1. Could you please find all residues in segment 158-173 being open to solvent by 50 Å² or more (accessible area, probe 1.4 Å), closer than 14 Å to L80 by Cα and not acidic (D, E)?
2. Keeping to segment 198-233, report how many residues are touching a residue at least 40 places away in the same chain (Cβ under 8 Å) and either of a type outside the set (S, T, N, Q) or open to solvent by less than 20 Å² (accessible area, probe 1.4 Å) (or both).
3. Pairs, please: C-beta under 8 Å, at least 6 apart or cross-chain, first residue closer than 21 Å to D207 by Cα and modelled with pLDDT of 95 or more and in segment 170-190, second assigned to a helix (DSSP H, G or I) and open to solvent by 60 Å² or more (accessible area, probe 1.4 Å)?
4. What are the pairs with Cβ atoms under 6 angstrom where one residue, in segment 142-169, is closer than 19 Å to F199 by Cα and the other, located anywhere, is open to solvent by 80 Å² or more (accessible area, probe 1.4 Å) and at pLDDT below 95? Sequence gap at least six, or different chains.
5. Restricting to segment 74-131, what's the tally of residues that are hydroxyl-bearing (S, T, Y) and in contact with a strand residue (DSSP E or B) (Cβ under 6 Å, 6 or more places away or on another chain)?
6. Residues being open to solvent by less than 60 Å² (accessible area, probe 1.4 Å) and within 15 Å of the chain's Cα centre (by Cα): count how many of those fall in segment 43-91.
7. Taking segment 106-118, which residues are touching a residue at least 12 places away in the same chain (Cβ under 8 Å) and surrounded by fewer than 14 Cβ atoms within 10 Å (Cβ to Cβ)?
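The values are calculated or read from the model by the stated rules, or taken from the named source; none is laboratory data. This structure is a prediction, so every number in the text was calculated from the model and none was measured. Positions of Cβ are generated from backbone atoms using ideal geometry, with glycine treated the same way; all protein chains shown enter the neighbour counts. Heads up: the accessible areas ignore ligands, DNA and RNA and are worked out on the full protein's heavy atoms, side chains in. Shrake-Rupley method; radii C 1.70, N 1.55, O 1.52, S 1.80 Å.
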Amino acid sequence: MPRTASKPKKKRSKPYTVTSSDTVSVPSASSETKKSSKEKDGKYKLFNKYANASSGVIDPEGIEKLCSKLKVSHTDIKILMLAWKMKSERQGYFTKAEWRRALKALKVDTIKKLKKALPELEQEVRKPLNFSDFYAYSFRYCFTDEKQNCVDIETICQLLDMVLGSTFRDQVDHFVNYLKIQNVYKVITMDQWMGFYRFCNEIIFPDMTNYSLELAWPSILDNFFEWMREKQA
């Protein structure tokens, strides 16, 4: 019988091996944890420099020291903006959690970086939607107890100058003068506070031709309007 042709043997393909050039470097969980821990430690280390050792919070004295390092006054609006960024609940006090919240958002962990971030924070706050929230926060930040819902006239005059003075100088000056001479109101409520901000944004000043007593303005603004009219007469 004729010999059948033998089939050519198939070459076995070598199993694919991953070389070092093929691998993608993926940070290990431990390295990420170490990085996060280092950043957290940096923020906490900075916090501890200004915190009261017994209370564990940055108190008014600590804020004074912080302001000194930042080379800003404790009455500078940037410090109030920093408190807003922290969502600080108590005037003149920063907790560790509040501190970390702000520094994490600002991506800073040293005084040098924080000082550099303050102008950027001000730009962020000055955006209309943010500023409205900041303006309301600045009023609540004046509260000294949980049941408080209004702020005394003297504090309001100082706060208006700080928060709105650079944007609505003329309106603030006239309203502050009115608040100082009138004797009807001893305190200002949140509704009145927000009403004045709306007034600054909507009413043509100083002629106030688009102001109407028939609209739902807080009565203190109606009185301010009439006081201005008497002065202009």
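1. Applying the first criterion (open to solvent by 50 Å² or more (accessible area, probe 1.4 Å)) to segment 158-173 yields 158, 161-162, 166-167, 169-170, 173.
Imposing the further condition that a residue be closer than 14 Å to L80 by Cα reduces the set to 158, 161-162.
Correct list: Q158, M162.
2. 3
3. V172/D161; V176/D161
4. Taking only residues 6 or more apart or on different chains, not a single pair turns up.
5. Residues flagged as hydroxyl-bearing (S, T, Y) and in contact with a strand residue (DSSP E or B) (Cβ under 6 Å, 6 or more places away or on another chain) within segment 74-131 amount to 1.
6. Number satisfying all stated conditions: 12.
7. T110
Rundown of residues vs (1) open to solvent by 50 Å² or more (accessible area, probe 1.4 Å); (2) of a type in the set (D, E), yes/no style:
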residue	(1), (2)
F175	no, no
Q182	no, no
K186	yes, no
D191	yes, yes
